[in-house]
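Right, one structure below, let's go through it.
The values are calculated or read from the model by the stated rules, or taken from the named source; none is laboratory data. Values in this document were obtained by computation on a predicted structure and should not be read as measured data. No Cβ is skipped: glycine too gets one built from the backbone with ideal geometry, and neighbour counts run over all protein chains shown. Protein only, heavy atoms only, side chains kept; ligands, DNA and RNA dropped before computing areas. Shrake-Rupley method; radii C 1.70, N 1.55, O 1.52, S 1.80 Å.
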Amino acid sequence: MSARYNETDRIFDELLLTRMQAGDRRAGERLAARWYPRLMSTAFRLLRDEEQARTAVQETWAGICKGWQNLRDPSRFAPWAYRILHHKCSDRIRRNQRERTQQGNFAEDQTIAASAENKVTLDQAFSALSEEHRIAATFYFGSGLTVQEISQVTGCPLGTAKSRVFHARRQLKKLLTDDVKEGE
């Protein structure tokens with residue numbers, strides 16, 4: 001998956017959505033085929049569990065199918081779709097936290113397993129981020145959303161979204177460069 005969602009992708013998705021709204025079922029199938037890997041990649045980064053990510057993406061696509069006719073501006077499809085995904089993943093994260101609390105296993109999410117060579121992988125570095133920073137970094141680096149779109153998707157102020165991306169970038173850089181120094 002490319003890191004940036006470029007203008008060509010946006011225009012093509014807008015065309016597919018417009019055709020869907022006009023009744024073209026094949027355009028819907030094509031849009032789903034284009035978006036499933038994107039949504040799955042983002043959901044997996046947020047949830048860190050393939051089965052839960054798959055379920056969240058299915059729930060997201062059900063929400064998209066339920067509401068795509070009401071989307072007035074097809075060019076806003078990406079942030080709209082990611083906002084639905086964000087809500088589905090946040091619901092799952094809260095549910096998982098409640099279950100862990102009930103089971104008394106509080107520290108499980110904070111544990112980062114080191115590899116045999118003491119190297120921090122990108123996934124481990126993302127796991128070390130707070131939930132808010134991981135979400136912002138995933139949308140920014142993994143899904144190619146702008147800071148303004150992240151603000152819209154997560155429902156936080158623009159300044160907060162900028163701050164979360166800034167701090168996530170700084171922490172990821174530190175974790176990954178510290179690992180390189182240790183491995184030398």
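Counting the residues of region 80-121 that are assigned to a helix (DSSP H, G or I) and at pLDDT below 90 gives 17.
Does E14 meet the test of being over 21 Å from L145 (Cα atoms), open to solvent by 20 Å² or more (accessible area, probe 1.4 Å) and not aromatic (F, W, Y)? No, not satisfied.
Residues that are of a type in the set (V, I, T) and either touching an Asp or Glu at 6+ places or on another chain (Cβ under 9 Å) or in a helix (DSSP H, G or I) (or both) within region 124-156 comprise I135, T138, V147, I150, V153, T154, listed in sequence order.
The one condition from (1) out of contact with any Gly (no Cβ under 8 Å at 6 or more places or on another chain); (2) under 20 Å from G155 (Cα atoms); (3) at pLDDT below 95 that V57 does not meet is (3). Checking the stated criteria, K181 turns out not to satisfy the condition of being assigned to a helix (DSSP H, G or I), among the basic types (K, R), modelled with pLDDT of 85 or more and surrounded by fewer than 21 Cβ atoms within 10 Å (Cβ to Cβ).
Let's see how each residue does on (1) of a type in the set (D, E, K, R); (2) under 27 Å from A128 (Cα atoms); (3) touching a strand residue (DSSP E or B) at 6+ places or on another chain (Cβ under 8 Å):
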| position | (1), (2), (3) |
| --- | --- |
| R10 | yes, no, no |
| G28 | no, no, no |
| S41 | no, yes, no |
| E51 | yes, yes, no |
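Evaluating S143 against the criteria (1) of a type in the set (S, T, Y); (2) open to solvent by 10 Å² or more (accessible area, probe 1.4 Å); (3) at pLDDT below 90 leaves one unmet condition, (2).
Would you mention how many residues in region 127-154 are closer than 19 Å to K88 by Cβ and touching a residue at least 40 places away in the same chain (Cβ under 8 Å)? Residues flagged as closer than 19 Å to K88 by Cβ and touching a residue at least 40 places away in the same chain (Cβ under 8 Å) within region 127-154 amount to 11.
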